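Here, each number is a calculation from the coordinates, and none is a lab measurement. Everything numeric in this text was worked out from a predicted model, so none of it was measured. Virtual Cβ from ideal backbone geometry, glycine too; neighbours counted across all protein chains shown.
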Amino acid sequence: MFKFIAKNVFVISLAVIVCGFSSLIFAYYIINNRPSSQETVISSFREPQAGTIQPVEQSIRKKIIPTPPKKESLPLRLVGIYEHDGKKVACIEDLVRLRTGYYAVGSKVRGAALIQILPGGIVLLKDGRKIILTLDRPYNWATPGKWIDMLPRERFIVGRGRLNGKIRGINDLLDEIIVVPNISNAGIDGFRITSLKENGIINQAGFEKGDIIKGVNGERLNGLKKPLKTYAALRRTINNEDAPVVKIELERDNKALTFTYRILQD
């Protein structure tokens, strides 16, 4: 009986020793082959394969770095403020459609609600943003300090003071552009732009190299002296009239276009 117990104790002890030794070997292997924390981060990162999409990462990025809202100006001009049946109404011109209408508080124009009419101006609300138009500053410029705003349908808003500050005389324009008469079967039918300063005044006004300027405010450019005479007439119109409109007819890639410029006091 004693021999049996001693034999079993010996076997159990031997098994415990073997298991303990195996555990030590396994632990030593794990410790010596474990990657560092830096290696773990690097190895866990994988470059996305070409053509794959990671919508989760993109959505997180959008939440962290939101896209700033695009600043834009309403193409509206405050013409005046009047009283009708004891109520104040604002006379507002749509500078894209070239239409003028009368609006009371609560009315909408170009998606903006007229929320207040003051003695010298109005307050509009669009997409949670207030836009103020006053009689001395009837138009809300999209880019402060810029002399021209481009609207849809080849329409432009021009600040009179800013324009006069850029163009002191015709030589300022001649330094930016080279034009030659465009000859057709009927003779001169306009002037083609053969050279144009990039991002200059004329380029910012919408013109491109290759355009053929056909007429200005209905006056056809069909003679060599017409451009100078037209320029002089335009300067008088711009400086003497209240919010004048200048229309320039041109041809681009065999397509007829009309650029419409509303000159506003800035």
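Quick notes
- Each distinct pair of alpha carbons in segment 182-237 adds a 1/r term; the inverse of their mean, the Kirkwood radius, is 12.2 Å.
- For the listed residue pairs K87/K108; K126/K146; K166/K214; K146/K214; K166/K226, the alpha carbons are over 20 angstrom apart in K126/K146; K166/K214; K146/K214; K166/K226.
- q = 0.16, 0.19 Å⁻¹, segment 148-264: log10 I(q)/I(0) [Debye, one scatterer per Cα]: -0.76, -1.11
- Packing rank of 170-177, 157-164, where each peptide gets the mean count of other beta carbons within 10 Å, highest leading: 157-164, 170-177
- Centre separation in Å (Cα based) which lies between segment 101-143 and segment 222-258: 31 Å
- Semi-axis lengths (Å, descending) of the ellipsoid that matches the C-alpha gyration tensor of segment 76-134: 16, 14, 10
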